[in-house]
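The values are calculated or read from the model by the stated rules, or taken from the named source; none is laboratory data. What you see is a predicted model; the values in this text were computed from it and never measured. Heads up, the Cβs are rebuilt from the backbone with ideal geometry, glycines too, and the neighbour counts pull from every protein chain shown. The protein model used for the area step is the full one, side chains on, heavy atoms only, and it has no ligands, DNA or RNA in it. Shrake-Rupley method; radii C 1.70, N 1.55, O 1.52, S 1.80 Å.
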Amino acid sequence: MSVIEIAEFRNMTVDDVDIVASIDKQSFPKPWSKETFINELTQNRYATYLLLLVNEKIVGYCGLWVIVDEAHITNIAVLPEYRGKKLGEELLKKTIQIAKEQGAASMTLEVRVSNKIAQNLYAKFGFQIGGVRKNYYTNNGEDAFVMWVKFNEKQSE
């Protein structure tokens, strides 16, 4: 049985914030605070946060905003020891499915210009670079590519 076969998804709750904040801290140079996650869950009516579980352990998450017909991925992360097992791909696939179910016709995200692994993953789902946000990342001033996909265009899944 592969890791993928035993992966599950569920929506994040406030009770999951400590674990998700820990994943965020292990994944990003400037992680979100616990308060930011709590605000997203309790105050942002456009937000959905999806958890990825393996053997009932939370190993990843993805934040999604759907506003009218546009979806935006706020962040996506998988614990370092679970990377390279196509779990991020499964998490992105499920997030896209949820966005479509909520009426999104397109999806966007920002990604570090240096993060080729993530860019390759997004390209697999039809995302294309649509622009650059200069000095987007506050920890080091790195630029971000803005990537987009329109769901009515052909994409791999």
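Structure values in brief
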item	result
Conditions (1) closer than 22 Å to VAL17 by Cβ; (2) in a loop (DSSP other than H, G, I, E, B); number of the one not met by ASN152	(1)
Among (1) farther than 17 Å from ALA47 by Cα; (2) more than 16 Å from the chain's Cα centre (by Cα), the one test that LEU121 misses	(2)
Hits in segment 9-35 (condition: of a type in the set (D, E, K, R) and at pLDDT below 95)	LYS30
Subset tally (residues that are in a loop (DSSP other than H, G, I, E, B) and either more than 23 Å from ASN11 (Cβ to Cβ) or of a type in the set (Val, Ile, Thr) (or both)) for segment 84-125	4
Residue tally, condition open to solvent by 30 Å² or more (accessible area, probe 1.4 Å), without any contact (Cβ under 8 Å) to a residue 40 or more places away in the chain, over 21 Å from GLY60 (Cα atoms) and of a type in the set (A, V, I, L, M), over segment 85-144	3
Residue in segment 36-56 that is open to solvent by 40 Å² or more (accessible area, probe 1.4 Å) and modelled with pLDDT under 95 present	yes
Verdict on ALA47 being among the small types (Gly, Ala, Ser) and more than 28 Å from THR138 (Cα to Cα)	no
